[in-house]
Amino acid sequence: MEQILKEENKKQKTKKEINKQKQRRWVIIVSIGTFLSTLVITYISDTLSRHTNLFVSFIILMVIILFGIATDIVGIAGDRR
């Protein structure tokens, strides 16, 4: 009887294990999202810069840089909570 109870306890996940699984899932989702957004931004900037002059390409680059800075600010602010 005790052996059956021990086996059931092993099968039940602790809160710590559940939190670890949620964190892993979150890391995977964020990593995939980051990779896909990088692909999209790279494709758009590459396509636009091929068909424009140097000044417009520079503006596109500045927009991408400012977007990165803004997302870093939001990320740091969200981490501070």
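The values are calculated or read from the model by the stated rules, or taken from the named source; none is laboratory data. Just so you know, these numbers come straight off a predicted model, no measurement behind them. Ideal geometry is used to build each Cβ from the backbone, glycine not excepted, and the neighbour counts take in all protein chains shown.
Please list, ordered by first then second residue, the pairs with beta carbon atoms under 7 Å, 6 or more apart or interchain, first in the range 38-67 and surrounded by fewer than 10 Cβ atoms within 10 Å (Cβ to Cβ), second part of a helix (DSSP H, G or I).
Cβ pairs passing all conditions: none.
Only residues that are modelled with pLDDT of 90 or more and under 18 Å from the mean Cα position of the chain (by Cα): list them for the range 43-65, please.
Within the range 43-65, ILE65 is the sole residue that qualifies.
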